[in-house]
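The values are calculated or read from the model by the stated rules, or taken from the named source; none is laboratory data. Predicted, not measured: the structure shown is a model, and the values here were computed from it. As a convention, Cβ positions derive from the backbone with ideal geometry for all residues, glycine included, and neighbour counts pool all protein chains shown. Please note that ligands, DNA and RNA were not included when accessible areas were found on the heavy atoms of the full protein model with its side chains. Shrake-Rupley method; radii C 1.70, N 1.55, O 1.52, S 1.80 Å.
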Amino acid sequence: MATMAGVIVLLPPSEGKTLAASGPVLDFDELSFPELTGARIEVLESLAEVSAEPDACEQLGVGLSLQDDVERNTHLTEIPCAPALETYTGVLYAALDAGSMRGKAGERLSQVYVSSALFGLLAAGDPIPAYRLSMKTKLAAHGVLATWWKKRLSPVLDEEFAGQLILDCRSTEYRKSWPGPVDQVVTVTAVTEKNGKRSVVSHNAKLTRGELAGHLLRSRAGLPETPEALLKAARKHYEAELTPATKRKPAELTIVLPG
């Protein structure tokens, strides 16, 4: 594949989020991709309505232990916001450790984006509140959000990221919201191997994807702009393989972890 015009990193969100202690309230004008503002407001209003209903937890597919998170969905425009990479938590974000990045690594965070069931897609520094919503949720009149967002994200992101290598660290449900051009995307899978037998992993896959993104952003070398260069960079830290793209399926980077 020819060298791309640049590279971006796509991350999944986390189910759990850190509630900001202080900060500005939600301002849609401060978010990247202003073309998505109308869609974002539509989902936020629908989420607030559903979250106020007696069976809100059931509708949102979460347990009753998360009632406080669901109740917070009813007033997301009134609570403090923090940058996306500070709001999302979990093993992937702990492994990425964006808060420690300085210098060139810190500058490269401008090439990191996060999928969001509420906002569609966010830049790393976009200020957001701690919300509770999954892309697989069937939300009121919107239907399954991954399908609903795909129609709205594709025309915006296909143009925004044209010609760039896309390192897709997202889970399957978030990829559905914007798969990206098949000839630009490289997905990341983690497997364990023991006695010649491989098994796909989930928890460690999140950690590995966060680690991989962190290694790339902190690298003294330039960021990879082809799938082959990405494979070479990954092999500095892992046993890795690359499956080339086909007409229907993007390239896949497989990280092989000890069994």
Selection from L76, S110, L64, by position along the positive dipole direction of segment 46-117 (Cβ):
S110
Roll a 1.4 Å probe over the protein chains and send me the accessible area per residue for the chain in Å².
48
Segment 186-259-segment 79-106 distance, computed between alpha-carbon centres (Å):
21
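Of all beta bridges DSSP finds with both residues in the chain, what is the antiparallel percent, to the nearest 5? Display every interim value, and only then the final one.
Details: 18 of 36 bridges.
Percentage antiparallel, nearest 5: 50.
Which links in K17/K104; K206/K236; K17/K236; K136/K249; K138/K176 stretch past 23 Å when you go from one Cα to the other?
On the way: K17/K104 27 Å; K206/K236 19 Å; K17/K236 32 Å; K136/K249 21 Å; K138/K176 14 Å.
Too far apart for the 23 Å limit: K17/K104; K17/K236.
All other residues with a Cβ under 11 Å from the Cβ of I255 taken together, and with Lys, Arg as +1 and Asp, Glu as -1, what is their net charge?
Residues near I255 contribute -3 overall.
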For the H203, V25 Cβ pair and Förster radius 30 Å, calculated FRET efficiency rounded to 0.05 is 0.30
Sulfur and carbon atoms: percent of accessible area, the chain [1.4 Å]:
51
Inter-probe distance in nm under a simple model that places probes 7 Å from Cα toward Cβ, at Q59 and R235:
5.3
Treat each spin label as a single point 7 Å out from the Cα along the C-beta direction, and report the T3 to S219 distance in nm.
1.4
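Compute the normalised compactness of the chain: alpha-carbon radius of gyration over 2.2 N^0.38 Å, N being the residue count. Don't skip to the answer; put the middle values down first.
Details: Rg = 18.3 Å, N = 259, 2.2 N^0.38 = 18.2 Å.
Against the empirical 2.2 N^0.38 Å value, I get 1.01 for the chain.
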Modelled label reach - T37, point 7 Å along Cα→Cβ, segment 106-140 residues with backbone N closer than 17 Å
119-123, 126-128
Charge context of Q59, other residues only, Cβ under 14 angstrom, K/R +1, D/E -1:
-3
List every residue whose amide H lies under 5 Å from the amide H of S32, counting only residues 5 or more places away in sequence or on a different chain, with H placed 1.01 Å from N in the peptide plane.
A123
Cα-projected label distance for A52 with E15, points at 7 Å along beta-carbon direction, nm:
2.7
